[in-house]
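In what follows, a structure is listed as structure tokens, so that the remarks can point back to it.
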Amino acid sequence: MPDTPNKAPTEFALIQLLPNMLTIVAICAGLSAIREGFRGDYATAVLLILAAAVLDGLDGRIARLLGSDSAIGAELDSLADFLNFGVAPALVLYFWILQDLPSVTWLAVLAYAVCCVMRLARFNVSDKVKEPTADRAYFVGVPAPAGAFLVMLPMFVSFAFADVPLVPGYVIAVYMTGIGLLMISRIPTWSFKKTKVSRHNVKFFLVGFAVLSAALLIEPWVSLVVICLAYIGMVIWALLDRRTR
């Protein structure tokens, strides 16, 4: 009898597994970040979370290019996002400045992590249920990777400007809670996946990308502070633009 056309393949080319392999590496990076934070190597912990963010940006796109995206891969990616952008940044911040404070600051860690998982759950549902009126140029709320960058902004500032006094831990706990609330808010944030660059502006975009890459290599912490502040400005701009339209 002929094979059923919908029969699941029994073998995969190794390259088809590359996206899932990248996701696994990202999970290992997130777990290692927690370990380094517990050991007190906070700079390495932050770098591991940033590496996980880069891998998160690659695995899905590579899966679509290879035609190897799957339901299991999507669920694995979502679980990795919760670990890398919900659990790891919150715990690293806790080890960095909150663990010596009263236990009430632990509530900020819990609030941020819970908001992150709710943000991811809402994104997964909205991605499966395509609403015809939804504006695909915007995310609803701050995405989880951006939330992780923003919540680590006090660490970036501390690493970049060693002589600047640290912000009090209670303020950082409130800030962490605020970032968590931004993730589950209805504030529109631009989706870079839908951003297009005109042919005339490609050369300027590539020059800007080269300058940004060089800045990240030369002054990584200062560059990350500037990127976070620029993103906050973009969120405010997108909110004003959405209301105007």
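The values are calculated or read from the model by the stated rules, or taken from the named source; none is laboratory data. None of these values were measured; they are calculated from a predicted model. Here the Cβ positions follow ideal geometry from the backbone for every residue, glycine too, while neighbour counts run over all protein chains shown. Please note that ligands, DNA and RNA were not included when accessible areas were found on the heavy atoms of the full protein model with its side chains. Shrake-Rupley method; radii C 1.70, N 1.55, O 1.52, S 1.80 Å.
The set of residues in region 154-193 that are touching a strand residue (DSSP E or B) at 6+ places or on another chain (Cβ under 9 Å) and farther than 24 Å from V125 by Cα is empty.
Taking the condition among the aliphatic types (A, V, I, L, M), farther than 25 Å from L224 by Cβ and crowded, with 17+ Cβ neighbours inside 10 Å, does L76 pass? Steps first, please.
On the way: among the aliphatic types (A, V, I, L, M): yes; farther than 25 Å from L224 by Cβ: yes; crowded, with 17+ Cβ neighbours inside 10 Å: yes.
Answer is yes for this residue.
Of all residues assigned to region 147-158, at least one qualifies as being of a type in the set (G, A, S), touching a Pro at 6+ places or on another chain (Cβ under 9 Å), at pLDDT 90 or above and in a helix (DSSP H, G or I). The C-beta contact set for region 93-121 (first residue among the charged types (D, E, K, R), second residue open to solvent by 40 Å² or more (accessible area, probe 1.4 Å), distance under 6 angstrom, 6+ apart or interchain) comprises R119/I184.
Take the conditions (1) surrounded by fewer than 11 Cβ atoms within 10 Å (Cβ to Cβ); (2) under 17 Å from the mean Cα position of the chain (by Cα); F209 misses just one of them, which is (2).
What are the residues in region 159-171 that are part of a helix (DSSP H, G or I) and within 20 Å of L47 (Cα to Cα), if any? Scanning region 159-171 gives F159, A160. Considering region 148-204, and only residues there that are over 25 Å from L58 (Cβ atoms) and open to solvent by less than 20 Å² (accessible area, probe 1.4 Å), the residue that is nearest to the chain's Cα centre (by Cα) turns out to be G180. May I ask you to list the residues in region 1-57 that are among the basic types (K, R) and at pLDDT below 90? Selection gives K7 alone.
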